[in-house]
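The values are calculated or read from the model by the stated rules, or taken from the named source; none is laboratory data. Because the structure is a prediction, the values reported are computed rather than measured. Note that each Cβ is placed from the backbone with ideal geometry, even for glycine, and that neighbours are counted across all protein chains shown. All accessible areas refer to the heavy atoms of the entire protein, side chains included, with ligands and DNA or RNA removed. Shrake-Rupley method; radii C 1.70, N 1.55, O 1.52, S 1.80 Å.
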Amino acid sequence: MTTPNSKNPVREGRDSLTPRPMSVKRGVNPHAPGSAHLCMGRTEILATVTLEDKPAPHMRGRKEGWLTAEYAMLPRATEDRQARERNLQNGRRHEIQRLLGRALRSSMDLRPFRNQTIYIDCDVLVADGGTRVASILAGHAALHDFCDRLVQQGKLTDWPIVHNVGAISVGLIGDELRVDLDYVEDKVARADLNVVATDTGLIIEVQGGAEDGPITYAEYVRLLEAGTLAVQDIMADLTRQLAVIQGIS
């Protein structure tokens, strides 16, 4: 939807700095030791955790385990059907998988998983912008479910998630800074970033840049600051939802 005199999409139900409504349900896959279904607006992600009693090749002989991630989009996750992703060398998919792996590894103490590999599979069920940041959030929720089960079962004595890691997109629509872009906004943004950070404001990774000519240093800093603050807010919301699901509060 746009205003008659503007090409900029109009937001309904939220202001420029408010993320889309988020909901999460954990333990949704009975076969996986950890799983979560997360919605951000109309974007939906299913994340599952698998623990394999086999070290990654480059981790043999090391004193800790490894965590890796895979990402895929279902053919009708978008308006038009897209061919099922069978090519592991797909550039976009490979880039997103590496981002997910880096983000989620940074959240974990992997020493209790020596000679083991944790796989996080993130599948996009419905895409409406922000699939990679929503996948990081869903992956974190699935890891939370996984670790909670291990602690409850007595297989872990210490909580291995050392940082609550989340992500959000931010962009400039004209001169307006917006948080958590949907697909329509992302298409017209003149600059956009994906900010990966902790719930305490520590930055892990920033992806993105200008789309329609260069932006100023001040604009970039504004985007980064807004993204970091938004991650803190959304992680507080996610933590509350996970706690309620656990029956803690």
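Test Gly13 against the stated conditions and say whether it is open to solvent by 70 Å² or more (accessible area, probe 1.4 Å) and either more than 18 Å from Thr131 (Cβ to Cβ) or more than 23 Å from the chain's Cα centre (by Cα) (or both).
yes
Mind telling me which of the residues Ile168, Ile204, Ile136 ends up being assigned to a helix (DSSP H, G or I) and in contact (Cβ under 8 Å) with a residue 60 or more places away in the chain? Please lay out each step first, then the result.
Working: Ile168 fails: assigned to a helix (DSSP H, G or I); Ile204 fails: assigned to a helix (DSSP H, G or I).
Going through Ile168, Ile204, Ile136 in turn, just one is assigned to a helix (DSSP H, G or I) and in contact (Cβ under 8 Å) with a residue 60 or more places away in the chain: Ile136.
Could you please find all residues in region 72-123 being of a type in the set (Gly, Ala, Ser) and crowded, with 16+ Cβ neighbours inside 10 Å?
Ala72, Ala77, Gly101, Ala103, Ser106, Ser107
Answer yes or no as to whether Leu156 is assigned to a loop (DSSP other than H, G, I, E, B) and either in contact (Cβ under 8 Å) with a residue 40 or more places away in the chain or in contact with a Pro (Cβ under 9 Å, 6 or more places away or on another chain) (or both).
yes
Of the residues that make up region 53-66, is at least one part of a strand (DSSP E or B), surrounded by fewer than 21 Cβ atoms within 10 Å (Cβ to Cβ) and not aromatic (Phe, Trp, Tyr)?
No: region 53-66 contains no residue that is part of a strand (DSSP E or B), surrounded by fewer than 21 Cβ atoms within 10 Å (Cβ to Cβ) and not aromatic (Phe, Trp, Tyr).
List every residue pair whose Cβ atoms lie under 8 Å apart, where the two residues are 6 or more positions apart in sequence or sit on different chains, the first residue falls within region 100-117 and is closer than 25 Å to Gly201 by Cα and among the hydrophobic types (A, V, I, L, M, F, W, C), and the second residue, located anywhere, is assigned to a loop (DSSP other than H, G, I, E, B) and modelled with pLDDT of 95 or more.
That search, which allows pairs on different chains as well, returns Met108/Pro160; Met108/Val162; Leu110/Pro160.
Can you name the number of the only condition in (1) farther than 20 Å from Leu99 by Cα; (2) open to solvent by 20 Å² or more (accessible area, probe 1.4 Å); (3) touching a residue at least 12 places away in the same chain (Cβ under 8 Å) that Pro214 fails?
Here Pro214 meets the rest and fails (3).
Considering only region 130-140, I want to know if a residue exists there that is open to solvent by less than 40 Å² (accessible area, probe 1.4 Å), hydroxyl-bearing (Ser, Thr, Tyr), at pLDDT 95 or above and within 12 Å of the chain's Cα centre (by Cα).
Scanning region 130-140 turns up at least one residue that is open to solvent by less than 40 Å² (accessible area, probe 1.4 Å), hydroxyl-bearing (Ser, Thr, Tyr), at pLDDT 95 or above and within 12 Å of the chain's Cα centre (by Cα).
Can you tell me which residues in region 160-214 are within 19 Å of the chain's Cα centre (by Cα) and charged (D, E, K, R)?
Result: Arg178, Asp180, Asp182, Glu185, Asp186, Asp192, Asp199, Glu205.
Among the residues of region 13-38, count how many are assigned to a loop (DSSP other than H, G, I, E, B), within 24 Å of Val179 (Cβ to Cβ) and touching a residue at least 24 places away in the same chain (Cβ under 8 Å).
Within region 13-38, residues that are assigned to a loop (DSSP other than H, G, I, E, B), within 24 Å of Val179 (Cβ to Cβ) and touching a residue at least 24 places away in the same chain (Cβ under 8 Å) number 5.
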